[in-house]
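S.K.: My structure is below; once you've seen it, I'll send some questions.
No value in this document is a laboratory result; all are computed from the given coordinates. These numbers were taken from a predicted model, which means no experiment stands behind them. All Cβ positions, even for glycine, are placed from backbone atoms using ideal geometry, and neighbour counts span all protein chains on display.
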Amino acid sequence: MELLREPETWVAVAFVIFLGVLGYLGVHKMVSKALDDRAGRIRSELDEARKLKDEAAQLLAEYESKKQAAEAEAQDIIASAKAEAERLAVEAKTRIEDFVARRTTMAETKIAQAEAQAAADVRSAAAEAAVAVAEKILTAETKGKLAGELIAKGIEDVRKKLN
């Protein structure tokens, strides 16, 4: 009976009674149910978090593919622009070369025309000078009606030959 005098014994008895009352009231079922409910909420939150993570990964993959497609398109645009610039440069060079060739041809033609005109002018001046000299010589050397006919015929022949 000595056991009944010790406070630890009464604490143990009170604890056992407390546990019995809790068991009788079904507290263990309520605690278990609360823990199960909490585990279910946590499980649903984890499922939701996995779902959101998968959606985020899918969006990331989608944006990565869009980014790569945009980069590829940008590279295509750059390559196309470079090709167009090169084509325009070649075309401009060809046009400039054609322009220079046409101008050169025109200048050569004008020079040839000027040379031909100058040669014709020189021939004309030489012919006129030769006719004048021939007229003076024939006039001085021949006299009379025969002289006039010869002079006229000679002048006409000189003109025909020189022109």
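S.K.: Using a basic spin-label model with each label point 7 Å from the Cα along Cα→Cβ, how many nm lie between Asp76 and Gln58?
M.R.: 2.7 nm
S.K.: Give the label of the value calculated from the structure for log10 I(q)/I(0) by the Debye sum over Cα atoms at q = 0.09, 0.16, 0.17 Å⁻¹, choosing from (1) -0.26, -0.87, -0.99; (2) -0.79, -1.07, -1.11; (3) -0.41, -1.32, -1.41.
M.R.: Read-out taken from this structure: (2).
S.K.: Testing the spin-label approximation: label points 7 Å from Cα along Cα→Cβ at Lys160 and Glu84. State their distance in nm.
M.R.: 7.3 nm
S.K.: Any idea what the dipole of region 13-73 comes to, in debye rounded to 20, about its Cα centre with Lys/Arg Cβ at +1 and Asp/Glu Cβ at -1?
M.R.: Roughly 540 debye, rounded to the nearest 20.
S.K.: Taking the Cα centre of the chain as the origin and placing charges on Cβ (Lys, Arg +1; Asp, Glu -1), which of Leu19, Ala125, Gln68 is farthest toward the positive end of the dipole?
M.R.: Going by the charge dipole, the pick is Ala125.
S.K.: Given +1 on the Cβ of Lys and Arg, -1 on the Cβ of Asp and Glu, and no further charges, what dipole in debye does the chain carry about its Cα centre, rounded to the nearest 20?
M.R.: Once rounded to the nearest 20, the dipole reads 1060 debye.
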